[in-house]
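Okay, structure first, notes after.
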Amino acid sequence: MKQNIFVVLLGSLALVHPVQATELTSIQTDRSTLNFVYTQMGVPVEGHFKKFDAQLNFDPAKLSTAKAVFDLDVASIDAGSQEASDEVAGKDWFNTKTFPHAVFVSTGFKALGGNRYEVSGHISIKGHMQNISAPFTLNPRGTLSVVDGEFMLKRADFAIGEGIWADFGTVANEIQIKFHFLANAGD
């Protein structure tokens with residue numbers, strides 16, 4: 001079974017929200033993606049989350065006041081098959097009945113040069129919180145900006161894959177999170 005959950009955050013994820021010289025204020029969640037890749041028995045496996053919401057206030061000229069909050073509906077996971085998706089929603093993995101959401105809240109942004117930035121913050125998955133940083137690129141296109149980034153999570157930090165699934169030889173500890181967001185500039 002595919003055990004591809006991870007988020008997040010993370011969303012994720014990590015989760016980022018940028019702009020050019022205008023303030024970005026929302027993400028087109030219906031046109032954005034949050035994917036993940038993990039290794040199961042030595043083979044890379046991909047999956048994605050179908051539902052998430054984001055609050056955003058990002059102006060590259062005002063990084064000290066930038067904020068992002070990302071709320072992931074963990075039960076919206078698509079792990080490649082219905083059987084795998086049902087398994088990872090269960091208690092040993094995401095336990096979506098008790099922990100239906102993973103949340104990322106930014107604590108700061110910094111410029112890395114050119115159109116590259118980094119967001120730092122706290123991600124909470126399955127009742128466990130960790131600090132993460134996620135680099136991303138911001139490519140403005142009129143009133144829309146394309147935000148692409150990725151970061152790594154360790155599933156053990158969030159008790160994702162307990163019991164028989166705790167063996168990293170079956171499902172690796174490292175989960176790569178990839179995000180592609182379309183962000184709108186405010187009016």
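The values are calculated or read from the model by the stated rules, or taken from the named source; none is laboratory data. The structure displayed is predicted, hence computed values, not measured ones. Positions of Cβ are backbone-derived with ideal geometry, glycine not excepted, and every protein chain shown enters the neighbour counts. Calculation scope for accessible area: heavy atoms of the full protein, side chains included, ligands and nucleic acids excluded. Shrake-Rupley method; radii C 1.70, N 1.55, O 1.52, S 1.80 Å.
Residues in segment 79-91 that are in contact with a strand residue (DSSP E or B) (Cβ under 7 Å, 6 or more places away or on another chain) and open to solvent by less than 40 Å² (accessible area, probe 1.4 Å): Ala79, Ser85, Val88, Ala89. For Phe94, state whether it is in a strand (DSSP E or B), in contact (Cβ under 8 Å) with a residue 24 or more places away in the chain, crowded, with 18+ Cβ neighbours inside 10 Å and of a type outside the set (Asp, Glu). No: the conditions fail for Phe94.
May I ask you to verify whether Leu63 is more than 21 Å from Gly127 (Cβ to Cβ), hydrophobic (A, V, I, L, M, F, W, C), at pLDDT 95 or above and more than 14 Å from the chain's Cα centre (by Cα)? For Leu63, the condition - more than 21 Å from Gly127 (Cβ to Cβ), hydrophobic (A, V, I, L, M, F, W, C), at pLDDT 95 or above and more than 14 Å from the chain's Cα centre (by Cα) - is met. A single entry from Ala79, Ala84 fulfils the requirement of being under 22 Å from Ile160 (Cβ atoms), touching a helix residue (DSSP H, G or I) at 6+ places or on another chain (Cβ under 7 Å) and either among the basic types (Lys, Arg) or in contact (Cβ under 8 Å) with a residue 12 or more places away in the chain (or both): Ala79.
Counting the residues of segment 41-59 that are open to solvent by 30 Å² or more (accessible area, probe 1.4 Å) and part of a strand (DSSP E or B) gives 7. Cβ-Cβ contacts under 7 Å between residues 6 or more apart (or on different chains), taken from a first residue in segment 97-116 that is closer than 20 Å to Glu23 by Cα and acidic (Asp, Glu) to a second residue that is surrounded by 18 or more Cβ atoms within 10 Å (Cβ to Cβ) and modelled with pLDDT of 95 or more, are absent. Being open to solvent by 40 Å² or more (accessible area, probe 1.4 Å) and closer than 15 Å to Val88 by Cβ is the filter here, so list the residues in segment 162-187 that pass it. Matches in segment 162-187: Glu162, Gly163, Ile164, Ala166. If you check Gln55, Gln40 for being within 18 Å of Glu174 (Cα to Cα), in contact with a Lys or Arg (Cβ under 9 Å, 6 or more places away or on another chain) and among the polar types (S, T, N, Q), only one passes: Gln40. Note on segment 115-173: residues that are among the charged types (D, E, K, R) and touching a strand residue (DSSP E or B) at 6+ places or on another chain (Cβ under 7 Å) total 7. Here is a check on your reading of the model: is Phe104 open to solvent by less than 20 Å² (accessible area, probe 1.4 Å), modelled with pLDDT of 95 or more and not in a strand (DSSP E or B)? It is false that Phe104 is open to solvent by less than 20 Å² (accessible area, probe 1.4 Å), modelled with pLDDT of 95 or more and not in a strand (DSSP E or B).
Whether a residue is open to solvent by less than 60 Å² (accessible area, probe 1.4 Å), closer than 29 Å to Val171 by Cβ and not charged (D, E, K, R) was assessed, and Ser120 passes this test.
Residues that are free of Cβ contacts under 8 Å to residues at least 24 places away in the same chain, open to solvent by 50 Å² or more (accessible area, probe 1.4 Å) and assigned to a strand (DSSP E or B) within segment 135-161 comprise Pro135, Arg141, Lys154, listed in sequence order.
Criterion first (open to solvent by less than 90 Å² (accessible area, probe 1.4 Å) and touching a Phe, Trp or Tyr at 6+ places or on another chain (Cβ under 7 Å)) does Asp71 satisfy it? Answer is yes for this residue.
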